[in-house]
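Since the structure comes first, as structure tokens, the remarks are kept for the end.
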Amino acid sequence: MEIYVVRQGDTLGQIAQKYNVNIPQIVAVNELEDSNQLVPGEALVIPTSTRSYTVQYGDTLWSIAQKTGSTVQALIQMNGLTDPNTISPGMTLTIPSHGQKPLIETNGFIYDLDSHGVNAVRQVSEHLTYLAPFAYGIKEDGGLTALGDTDVIREGLNHGAVPMMSISNFTSQELGSDLAHTLLISEDLQQKLFEAIISIAKQKAYQGVNIDFENVYPYDRGSYNQFLERAVRRLHDAGLFVSTSLAPKTSASQQGLLYEAHDYPAHGRIVDFVVLMTYEWGYRFGPPQAISPLNRIRQVIDYAVTVIPRNKIMMGFQVYARDWRIPHVQGQEAETFSPKEARERALQYQSTIQYDHKAQSPFFQYTDQQGQRHEVWFEDARSAQAKFDLVKSAHLRGISYWVLGYPYPENWTLLEDNFTIRKRL
């Protein structure tokens, strides 16, 4: 696959001719509703038999080989380079065919469990190793709340996605700090929780569990680690794998309720794998900014790989867009929708899509019919490819998507172009 950024005046016919492909192929891969309408600045995925790479500032042949799954020698031979040190920003290199693509695992969380959620799972579960309906809430007596997840589990299993049970201590109304403390100081409650997990897993074909404890009091850090050790022993005995979700830390000393009780080295030692929640910098109640900026994600990964085995790390990747009213008023909530809708909104308001190269994220601004200014940050083919390159260069276990249900067709096309997805069923 190639990625082409639309310029003012481009037509699909011209782009198809440039890459020697036909228009219906481009329309199908990008799920374009009107082949006659393009958005300046949008990134299109082009199905081609060869690949190219545009050299960025700071690139070396070695780093390009890491990103593209090639080798330095192959790049030199393919491009006829006599001096590999003479590559410069803006230069276009032809990339050899993938050959053996990296093997990774993928997970998709989903909280919409009705017919819309079932349809979302039907569309993408072939690309998933795990499917994680979100979430079973922990009760004060150690039990779990009910979750209507049967239909999405069944649909995922139809396409080989392993069900992974998600449990949490928080809700949209409660931080869950006190509940976590109550559980973490009582081994009796913990044993009741383990039995509840095992019972539901047997009923619903879950093969593992993701423990998502957030806002845990810093003084409960040690108790949380001990809880995980007990959980792994008991749940492994029952044939279940155990993963955890971790706040995006950049150092062991990072302050804040979200971070301090999440002990990266302990989780890396105790559980089977971790999900790094590398998203939500562009918070819905905060100011407009990239939701999953690559520069911030890279800082988290750079720390994580020093204390957690790389083959236990799944990098989080958000798959939605946000629209903020500007100028931003503190506490004002942004609208959340799909990357596909973001593109259609840019088309509706005749906006030019821009790209933040530091964050590796697209954005645009527009004025609505009432005269209100807006700023939209979303994901496109370029931002997806940048994240895939990071997963490859860091040799991570894989990618965990938050959250399914938002159409983002170019992501799934590029995912399969970059990786072989491990299936465990």
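Observations on the structure shown:
- Residue list for the range 371-398, filter: of a type in the set (F, W, Y) and free of Cβ contacts under 8 Å to residues at least 40 places away in the same chain: F388
For (1) in contact with a strand residue (DSSP E or B) (Cβ under 8 Å, 6 or more places away or on another chain); (2) under 16 Å from K340 (Cα atoms); (3) at pLDDT below 95; (4) surrounded by fewer than 22 Cβ atoms within 10 Å (Cβ to Cβ), each residue gets a yes or a no:
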{"residue": "H357", "(1), (2), (3), (4)": "no, no, no, yes"}
{"residue": "F364", "(1), (2), (3), (4)": "yes, yes, no, no"}
{"residue": "Q369", "(1), (2), (3), (4)": "no, no, no, yes"}
{"residue": "Q372", "(1), (2), (3), (4)": "yes, no, no, yes"}
{"residue": "V376", "(1), (2), (3), (4)": "yes, yes, no, no"}
{"residue": "V403", "(1), (2), (3), (4)": "yes, yes, no, yes"}
{"residue": "E416", "(1), (2), (3), (4)": "no, no, yes, yes"}
{"residue": "I421", "(1), (2), (3), (4)": "yes, no, no, yes"}
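- Checking S168 against (1) closer than 23 Å to T106 by Cβ; (2) touching a Leu at 6+ places or on another chain (Cβ under 9 Å); (3) crowded, with 20+ Cβ neighbours inside 10 Å, the condition it does not meet: (2)
- Inclusion of S383 among residues that are crowded, with 20+ Cβ neighbours inside 10 Å, in the same structural domain as L294 (by TED's automatic domain parsing), in contact with a strand residue (DSSP E or B) (Cβ under 7 Å, 6 or more places away or on another chain) and not in a helix (DSSP H, G or I) is not warranted.
- Of all residues in the range 176-191, those being crowded, with 17+ Cβ neighbours inside 10 Å and in a helix (DSSP H, G or I) number 8.
- Unique residue being closer than 22 Å to S383 by Cβ, without any contact (Cβ under 8 Å) to a residue 60 or more places away in the chain and over 28 Å from the mean Cα position of the chain (by Cα) when the list is I15, I87: I15
- Looking across the range 187-205 at every residue that is free of Cβ contacts under 8 Å to residues at least 40 places away in the same chain and of a type outside the set (K, R), the one that is farthest from L257 (Cα to Cα) is identified as Q203.
- Of all residues making up the range 234-268, the number that are touching a residue at least 40 places away in the same chain (Cβ under 8 Å), over 14 Å from I301 (Cα atoms) and part of a helix (DSSP H, G or I): 4
- Any hit, the range 356-370, residues being assigned to a loop (DSSP other than H, G, I, E, B), without any contact (Cβ under 8 Å) to a residue 60 or more places away in the chain, within 30 Å of S243 (Cβ to Cβ) and not assigned by TED's automatic domain parsing to the domain that holds H116: no
Residue by residue, here is whether (1) modelled with pLDDT under 95; (2) in the same structural domain as I313 (by TED's automatic domain parsing); (3) in contact with a Cys (Cβ under 7 Å, 6 or more places away or on another chain); (4) closer than 26 Å to K312 by Cβ holds:
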residue: G90; (1), (2), (3), (4): yes, no, no, no
residue: R122; (1), (2), (3), (4): no, yes, no, no
residue: F134; (1), (2), (3), (4): no, yes, no, yes
residue: K139; (1), (2), (3), (4): no, yes, no, no
residue: L144; (1), (2), (3), (4): no, yes, no, yes
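- As a summary of the residue check, R325 satisfies the conditions (1) in contact with a Gly (Cβ under 9 Å, 6 or more places away or on another chain); (2) surrounded by 16 or more Cβ atoms within 10 Å (Cβ to Cβ) except for the one numbered (1).
- In the condition set (1) in contact with a Leu (Cβ under 6 Å, 6 or more places away or on another chain); (2) surrounded by 16 or more Cβ atoms within 10 Å (Cβ to Cβ); (3) at pLDDT 90 or above, Y53 is compliant with all but (3).
- Scanning the range 71-117 for residues that are among the small types (G, A, S) and assigned to a helix (DSSP H, G or I) returns A74, S115, G117.
The values are calculated or read from the model by the stated rules, or taken from the named source; none is laboratory data. Since we're looking at a predicted model, the values are computed, not measured. Don't worry about glycine lacking a Cβ; one is built from the backbone with ideal geometry, like all the others, and counts go over all protein chains shown.
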